[in-house]
Amino acid sequence: MLKLGYNEATCKENSSVEKDLELCEKYGYDYIELRLDMLKEYFKTHTIVDLKAFFARSHLKPFAFNSIENINFCTPQEWKDLVELFTFGCEVARQIGNPYIIVVPTVTSEICTRNEQEVFEDSVKVLNELADIAEPYGVKLSFEPIGDRKWCCNSVRQALEIVQAVNRDSVGLTVDCINVYLHDKCADVDFIRKIPKDKLFVFHINDCEDLPLGILDHCHRLMPGLGAIPVKEVADAVKATGYDGPACLELFRPEYWAMDAEDVIRMGAETTRPFL
Ligand code: ZN
């Protein structure tokens, strides 16, 4: 059985770290994935001591920070900025006992034209460089392939080959329902079953509208069970690996951002629980 998790993207426009913590605790979530941009905002009026104190008195626990994006093919300035944000994440993660930081491949405005070997070599290089930084903090990197062809790494198969080549205990994978669907409408969902238990770090749960690939985007995400993704099939494949961590509800839907965060977070718990 999986645990109940919440990813702050779900109410990123209508909530805050403080409010998400309170609401997730209220509705019985086990884990939260905090966003680095929202954490920066939180620290304008709070301290790390406040955050530690919340988790010390709560059932809710931190799980993964989101996210370090565009990790591939960086210019020196882009890499410097990325490492700065990543190091901030590592420092906070160590202090509150947050085990993972999610890292995301690079997106371009059109279909990515880099060949797979180039993406493989660059990903292995940058994941190793980030793991060198993260390991002294006791933090692990969870690499998340994004299913759309605009992202240079877009399948579970491709991402698994990369993390297996990196071959470090601190580097593994995030599986996200919509990213498996965006790649090929879940045709290779069984590939998830090939992920070794110790390489599957994070599971993002969601559903989406029934739209053609090429039009379907992250704004079309829906609560689990309300859309076109065979969510149970994906969750069953995740469980078959031996993964027993949280299914973290991750949505980027403007319609939910226009609602009261409490209604979204309550509905999220109700719709996610049947898949645990
Ligand atoms: Zn995700």
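The values are calculated or read from the model by the stated rules, or taken from the named source; none is laboratory data. Computed from a prediction, not measured in an experiment: that's the story for all the values here. Cβ coordinates were reconstructed from backbone atoms using ideal geometry, including for glycine residues, and neighbour counts include every protein chain displayed. The area values use the complete protein model at the heavy-atom level, side chains included, leaving out ligands, DNA and RNA. Shrake-Rupley method; radii C 1.70, N 1.55, O 1.52, S 1.80 Å.
Details
- Near pairs, Cβ below 7 angstrom, 6+ apart or cross-chain, from region 259-276 (open to solvent by 30 Å² or more (accessible area, probe 1.4 Å)) to any residue that is among the hydroxyl-bearing types (Ser, Thr, Tyr) and modelled with pLDDT of 95 or more: Arg266/Tyr27
- Unique residue being assigned to a loop (DSSP other than H, G, I, E, B) and either within 14 Å of the ligand (Cβ to nearest atom) or modelled with pLDDT of 95 or more (or both) when the list is Asp236, Asp244: Asp244
- Matching residues, region 1-41, being in contact (Cβ under 8 Å) with a residue 40 or more places away in the chain, under 16 Å from Trp257 (Cβ atoms) and more than 16 Å from the ligand (Cβ to nearest atom): Glu13, Asn14, Ser15, Lys19, Asp20, Leu23
- When Ala64 is tested against (1) more than 16 Å from the ligand (Cβ to nearest atom); (2) among the aliphatic types (A, V, I, L, M); (3) within 16 Å of the chain's Cα centre (by Cα), just one condition goes unmet, and that condition is (1).
- Search result, residues across region 117-130 that are out of contact with any helix residue (DSSP H, G or I) (no Cβ under 7 Å at 6 or more places or on another chain) and in contact (Cβ under 8 Å) with a residue 24 or more places away in the chain: Val119, Asp122, Val126
- Within region 42-62, one or more residues are touching a Cys at 6+ places or on another chain (Cβ under 7 Å), over 19 Å from Tyr256 (Cβ atoms) and buried (at least 21 other Cβ atoms within 10 Å of the Cβ).
- Applying a threshold of 6 Å to beta carbon distances and a minimum spacing of six or more residues, or different chains, the list of pairs starting in region 191-210 at a residue that is free of Cβ contacts under 8 Å to residues at least 40 places away in the same chain and open to solvent by 10 Å² or more (accessible area, probe 1.4 Å) and ending at one that is within 12 Å of the ligand (Cβ to nearest atom) and aromatic (Phe, Trp, Tyr) is empty.
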